[in-house]
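The values are calculated or read from the model by the stated rules, or taken from the named source; none is laboratory data. All of these numbers come straight from a predicted model, not from anything done at the bench. Cβ sites come from the backbone with ideal geometry, for glycine too, and all protein chains shown count toward neighbours.
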Amino acid sequence: MARLSKAEALRFDFSEPVPPPDVVASVVAEVVVEPAGDDIEGSPVRIPGASPAEALSIGEFYERVRYALRAEFPGEFWVTGEIRKVTVRNGHRYLELADRQASNRGGAATLDVACWARDWPLIGAELQAVGLELTTGLVVRLRGQAQVWEGASRLRFAMTDLDVASLLGGIAAARRRLIAQLDQEGLLLANRRLHLSPVPLRVGLVTSPGSDAYRDFTGQLTRSGFNFAVRFEPSLVQGPDAPVQIANAIRRLQRLGPDVIVVVRGGGARGDLAAFDSQEVARAVATSRVQVWTGIGHTGDQSVADEVAARALITPTACGEALVAVITEYLAGLAARARQVASKGAASLEQAAAFVAGSERRLAAAARHELDEAQSNLLVARDRAVRGAVVTAERQQSALGRRAARLHSMSERVMTSAEHRLARQRASVDAFDPRQQLARGWSMTRTMDNRVLRSVEDAPEGSSIITVLADGRLVSVVGEISAARGGGEAS
């Protein structure tokens, strides 16, 4: 077995490939576990630099640390953690990776990761193919080597590969867990059950100020010609601070009572949309008292915010178009209903006019019949009265003639009595004469076509009537009709 002396071990060039295991074992036995005495078995382990005389230089110390790392990790290995920070400089990527489950002085254990410019193109191409970027909050699995960064006296991990499939699976699994949790709490469909105003003109808008998403969405509203009132709440739409800002903007807007809240952003890599898969944004949307619409600008899988929103549109432009379409459809339906009402109203008016015309003809015929019957009855009564008076007079005269001889002395009294009776009979006859009724103050009213009015229904408001009096007639226009109540007279 090949062995290295202590001096050779300290001068070993760790930039070269890792030596074979048997060589590593000899170095460990010679350098790390060197006995304190003359190779006496069972002697205490001798620590390098244990005495002042054997003090290590800084360079020697780091050489030993590098060697120990290579002994423990002779090749590349995998680590996993959550990205806390990403820095790009001179083509290199520098990450701060954290492990929340490991404690380091009360905080999460962290590891500095560097991906050199020579190794990044392949990793970047894989991420770009699936629409992801390395952003804070992602839990990643990295492959590389452990190194000692002497300039900062820190341990560093040189990344050479990234498990993209694991990254996608972790993101998808987190989304599924959050959706299942919201569904279990009854919040997954809560927002879409809310009522939307049929004319949602008061709009709350959440997006990045001055962005294309802002201009695309508001441009649709402006071009529609409708009087939209937009309340804008600016917010980041990507990055570690975006979830809290978006959620707070939604909560501020719902307190103002808009008709709808719209959250939009332009397109981007899948990693840029991580804020919309966050629990903060999902719960703000799901618990909003106002419908929330999203136009997040991606055509792949829906984000969690899309899942819980009342409506999820592909782009900010589509979101604006959909909002305009709601009002356009409402106005079109309103116009159709107005046309239906007008059509039914015209048909009802035609039916009413036909009914009135038929009623008018029936009333006129009935009035003429009643008038003719009354005139006939009046003539019959008059003739009967005249005949009765004549018969009575003849009888009286015959009686007077027969009694004249024997009642000569009573002739004057009898004649006077007969005349009185005759006067009463004539008065009775005159009572049935229409001219006598007119002389007493009664009147007779006819229509312009000479029909006798017997009911207020025969003379509608605005019609002309003729009133016949004893000394002439009057022509007047009906201004108001009041039917008789309780058998009293009509006024």
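Here is a yes/no grid of residues against (1) modelled with pLDDT of 85 or more; (2) over 16 Å from Val237 (Cα atoms); (3) outside the structural domain of Arg231 (by TED's automatic domain parsing); (4) among the polar types (S, T, N, Q):
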{"residue": "Asp272", "(1), (2), (3), (4)": "no, no, no, no"}
{"residue": "Glu280", "(1), (2), (3), (4)": "yes, no, no, no"}
{"residue": "Ser288", "(1), (2), (3), (4)": "yes, yes, no, yes"}
{"residue": "Gly295", "(1), (2), (3), (4)": "yes, no, no, no"}
{"residue": "Ala305", "(1), (2), (3), (4)": "yes, no, no, no"}
{"residue": "Thr315", "(1), (2), (3), (4)": "yes, no, no, yes"}
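When the residues of the range 147-159 are narrowed to those that are in contact with a helix residue (DSSP H, G or I) (Cβ under 8 Å, 6 or more places away or on another chain) and closer than 17 Å to His92 by Cα, which ends up surrounded by the most Cβ atoms within 10 Å (Cβ to Cβ)?
Ranking the candidates gives Met159 first.
Among what's in the range 360-398 and is surrounded by fewer than 13 Cβ atoms within 10 Å (Cβ to Cβ) and of a type in the set (Asp, Glu), pick the residue that is farthest from Arg435 (Cα to Cα).
Per the stated criteria, the residue is Glu394.
Could you tell me whether any residue of the range 422-441 is surrounded by 13 or more Cβ atoms within 10 Å (Cβ to Cβ), at pLDDT 85 or above and small (Gly, Ala, Ser)?
no
Is at least one residue of the range 113-130 modelled with pLDDT of 85 or more, surrounded by fewer than 16 Cβ atoms within 10 Å (Cβ to Cβ), in a strand (DSSP E or B) and charged (D, E, K, R)?
no
Can we say Leu187 is part of a loop (DSSP other than H, G, I, E, B), closer than 18 Å to Val88 by Cα and under 34 Å from the mean Cα position of the chain (by Cα)?
Here the answer is no, as Leu187 does not meet what is asked.
State which residue is surrounded by the fewest Cβ atoms within 10 Å (Cβ to Cβ) when the search covers only the range 33-69 and only residues that are polar (S, T, N, Q) and at pLDDT 65 or above.
The extreme case among them is Ser51.
Step by step: first the residues of the range 301-350, then only those that are in a helix (DSSP H, G or I) and hydroxyl-bearing (Ser, Thr, Tyr), then the one that is nearest to Leu194 (Cα to Cα). Which residue is that?
Tyr330
Within the range 236-269, track down each residue that is modelled with pLDDT under 90 and surrounded by fewer than 19 Cβ atoms within 10 Å (Cβ to Cβ).
Scanning the range 236-269 gives Gly239, Pro240, Asp241, Gly267, Gly268, Ala269.
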